[in-house]
Amino acid sequence: MPQTAYTVTAPKKMTKLLVMNRGESFPSKFSLMATTAGDKVVIRLSGGCKGMNADDKASMLRYFAAALAGFKGMIWSGATRQFTEDGELDPMVTDVPGVIAAENPECIALGSAPRTDVMRLIGESRLVLDEYGTGPNPSMSGVLIVQNGADGDMKWDGDLDAAFGLMSNLVECADFRHAGVIAWNGGPITRDEIMRSAMRGWPTIVVRGSGRVADEICAQLDANDPALMEQLPKKHNLVIADRSDPATLRIALQGFGFLPQAS
Amino acid sequence: MYDQRIVPRLFVKSRGEQTTKLSLMLTKAPRKCVVRLTGGCGNMSATDAEGLYDLYTQALSGFDGAIIFGGTRMVSRDNYDTIIPGITEIPSRMREFCPNMIVLGVIPKTEDLGLDPDLGLIVSSEPDKPFVTVVHPEQDIVLVVQTSVDDKEIWDAEFYECLRITKDLRDYGSFSSVLISYNGGSVTEREILETAKNGLPVILIKGSGRKTDEYAANTDFLSTYRSNVAVVEKDPIDLRMKLSEFGIMPRQRLTLVGHQTA
């Protein structure tokens with residue numbers, strides 16, 4: 001059977017799908033999946049691809065693949081995949097974890113998403129998350145959908161409490177050495193994720209040149225903008241990598257202990 | 001006396017709730033395996049109890065996975081320093097030989113819990129019985145399972161919760177597992193059957209008494225579950241070899257110094 005954008009490419013050709021209600025305790029099954037990573041570190045990839053053309057998106061995937069070569073931890077992001085009208089893959093930041101896991105066998109890719117609409121089955125019983133055909137990302141080993149009860153809908157930031165709660169628990173309860181965020185492009189929700197991470201003192205890397213909020217934060221950091229700096233702890237770990245060179249991201253990740261130091 | 005450095009973390013779970021923190025804490029064990037200890041000590045003398053402890057401490061010496069047990073300790077009502085022997089004393093006896101293991105106790109709340117200034121958290125205290133059951137002080141994590149804040153739980157809730165935790169660790173955390181059954185009554189019987197039906201590894205210790213012995217001699221049962229149920233002699237070498245086969249202990253040849261068959 002030929003591979004399409006709908007093909008499940010996660011290890012074992014299966015993506016496990018869990019649904020939790022907001023306010024409930026986090027599902028232990030999903031937490032345990034994170035612990036199967038070869039290295040006890042977790043990175044949340046935040047952002048978007050607004051304003052990027054197809055070449056930019058392909059370049060983005062290559063950028064992260066180069067920067068994260070050898071990564072053995074858990075990497076996750078939003079859990080969605082976008083498709084073109086022809087059913088082709090329209091790559092987003094949410095496709096990066098699957099690419100990293102595919103190239104680094106001990107790495108595990110997971111994702112979370114709020115249920116913003118009624119889930120639907122279309123075509124040959126394919127599950128989609130909204131009327132636009134957004135699907136759960138089939139390159140991830142596990143997808144967590146956070147919902148506001150069976151009837152309620154949520155906004156796009158509805159999964160962030162659960163997402164950051166899991167990362168905190170991995171550090172506090174499962175001996176994960178580091179949790180952190182990489183931000184690429186993005187809008188207000190990405191800013192929220194950057195600040196949630198940075199305010200905890202976690203390693204937080206924004207990619208300069210990727211666009212929108214990531215670039216705004218870089219500019220604020222460069223200018224030592226009080227509007228940003230006053231929100232950060234004195235010894236914060238909010239740093240900048242450069243879009244033009246994946247080595248800058250790699251060096252930052254090595255410095256924070258997410259990747260082994262270069263020999 | 002117990003090691004003062006170990007302060008058990010106490011979790012209380014109502015039906016339908018998750019146990020994320022607890023599950024994650026079990027993954028701190030260096031080896032991804034979980035051993036569930038079940039059974040009882042009915043008709044067992046104090047001498048037999050010492051043999052029981054030797055069996056487990058020798059067979060599991062160096063174990064560095066997770067242990068799940070009943071989580072309680074029984075002490076004499078007349079003298080709180082007198083510990084009643086039982087399966088639930090095995091993990092604390094193992095600690096010296098297994099410093100890296102993680103120990104979880106699972107306790108069903110079958111009556112309202114009590115606090116005693118000398119005994120800590122009391123699980124059960126029936127005036128007509130010569131012992132008081134308390135939360136065992138020598139474990140890493142304690143999980144009390146309850147139907148709800150107001151409602152009592154049944155004893156079977158312990159093994160159902162242990163089975164659920166074990167299955168999650170296997171299915172989502174890449175753990176191996178085994179249930180070791182020694183002696184025991186009707187609750188132990190149901191745990192043996194439920195675990196076997198779920199296709200999870202079970203070791204029955206022959207000669208330990210009561211229900212475990214019944215099933216160790218039940219050829220129909222053993223035939224039905226021959227792929228996941230094994231019988232071993234009451235002998236640490238035999239038990240250790242079977243644990244190795246199930247991936248719980250590393251495969252290596254060991255000589256047990258001063259070992260005598262129980």
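The values are calculated or read from the model by the stated rules, or taken from the named source; none is laboratory data. Note that the structure is predicted; figures quoted are calculated from it, not measured. No Cβ is skipped: glycine too gets one built from the backbone with ideal geometry, and neighbour counts run over all protein chains shown.
Take the residues of segment A:58-89 that are among the charged types (D, E, K, R) and at pLDDT below 95: which is nearest to A:Ser141 (Cα to Cα)?
Residues of segment A:58-89 that are among the charged types (D, E, K, R), as a first pass: A:62, A:72, A:81, A:85-86, A:88.
With at pLDDT below 95 added as a condition, the list becomes A:85-86, A:88.
Working: A:Glu85: 26, A:Asp86: 25, A:Glu88: 21 Å.
This residue is A:Glu88.
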- Item | Every pair of residues 6+ apart whose Cβ atoms lie under 7 Å, when the first sits in segment A:92-103 and is farther than 15 Å from A:Gly73 by Cβ while the second is basic (Lys, Arg) | A:Thr94/A:Arg81; A:Asp95/A:Arg81
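Identify the residue in segment B:137-187 that is of a type in the set (Ser, Thr, Tyr) and within 17 Å of B:Val35 (Cβ to Cβ) and, among all such residues, is farthest from the chain's Cα centre (by Cα).
We begin by selecting, within segment B:137-187, every residue of a type in the set (Ser, Thr, Tyr); these are B:147-148, B:160, B:166, B:172, B:174, B:176-177, B:181-182, B:186.
Now narrow it down to the ones that are within 17 Å of B:Val35 (Cβ to Cβ): B:166, B:174, B:176-177, B:181-182.
Numbers: B:Thr166: 12, B:Ser174: 21, B:Ser176: 16, B:Ser177: 12, B:Ser181: 9, B:Tyr182: 10 Å.
Among those that are of a type in the set (Ser, Thr, Tyr) and within 17 Å of B:Val35 (Cβ to Cβ), it is B:Ser174.
Suppose we filter A:Ala183, A:Ala179, A:Ala162 for residues that are surrounded by 19 or more Cβ atoms within 10 Å (Cβ to Cβ), assigned to a helix (DSSP H, G or I) and touching a strand residue (DSSP E or B) at 6+ places or on another chain (Cβ under 7 Å); which single one remains?
Details: A:Ala183 fails: assigned to a helix (DSSP H, G or I); A:Ala179 fails: assigned to a helix (DSSP H, G or I).
Within the list A:Ala183, A:Ala179, A:Ala162, the selection yields A:Ala162.
Specify which of the listed residues (B:Ser223, B:Ser244) is out of contact with any Ser or Thr (no Cβ under 8 Å at 6 or more places or on another chain), within 17 Å of B:Tyr56 (Cα to Cα) and outside any loop (DSSP other than H, G, I, E, B). Talk me through it step by step, then tell me what you get.
Working: B:Ser223 fails: within 17 Å of B:Tyr56 (Cα to Cα).
Testing whether each residue is out of contact with any Ser or Thr (no Cβ under 8 Å at 6 or more places or on another chain), within 17 Å of B:Tyr56 (Cα to Cα) and outside any loop (DSSP other than H, G, I, E, B) leaves just B:Ser244.
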- Item | Residue match in segment B:82-99 (condition: hydroxyl-bearing (Ser, Thr, Tyr), under 30 Å from B:Asp150 (Cβ atoms) and either touching a Gly at 6+ places or on another chain (Cβ under 7 Å) or more than 14 Å from chain A (Cβ to nearest Cβ) (or both)) | yes
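Scan A:Arg44, A:Arg22 and give me the residue that is within 16 Å of the chain's Cα centre (by Cα), more than 12 Å from chain B (Cβ to nearest Cβ) and surrounded by 13 or more Cβ atoms within 10 Å (Cβ to Cβ).
Working: A:Arg22 fails: within 16 Å of the chain's Cα centre (by Cα).
Going through A:Arg44, A:Arg22 in turn, just one is within 16 Å of the chain's Cα centre (by Cα), more than 12 Å from chain B (Cβ to nearest Cβ) and surrounded by 13 or more Cβ atoms within 10 Å (Cβ to Cβ): A:Arg44.
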- Query: Can you name every residue in segment B:142-176 that is modelled with pLDDT of 95 or more, charged (D, E, K, R) and in contact with a Lys or Arg (Cβ under 7 Å, 6 or more places away or on another chain)?
  - Reply: B:Asp168
- The number of residues in segment B:50-83 that are in a loop (DSSP other than H, G, I, E, B), charged (D, E, K, R) and surrounded by 14 or more Cβ atoms within 10 Å (Cβ to Cβ) is 2
- Message: When you scan segment B:200-213, do you find a residue that is surrounded by fewer than 22 Cβ atoms within 10 Å (Cβ to Cβ) and under 29 Å from A:Phe30 (Cα atoms), even just one?
- Response: yes
- Tell me, yes or no, whether segment A:2-9 has at least one residue that is among the aliphatic types (A, V, I, L, M) and away from chain B (no Cβ under 12 Å). yes
- Message: Please go through segment A:25-41 and give me each residue that is facing chain B (nearest Cβ under 7 Å) and either outside any loop (DSSP other than H, G, I, E, B) or within 22 Å of A:Ser197 (Cα to Cα) (or both), ordered by number.
- Response: A:Ser25, A:Phe26, A:Pro27, A:Ser28, A:Lys29, A:Ser31, A:Leu32, A:Met33, A:Thr35
- Restricting the search to segment B:6-49, which residues are of a type in the set (Ser, Thr, Tyr) and either within 14 Å of chain A (Cβ to nearest Cβ) or in a loop (DSSP other than H, G, I, E, B) (or both)? B:Ser14, B:Thr19, B:Thr20, B:Ser23, B:Thr27, B:Ser45
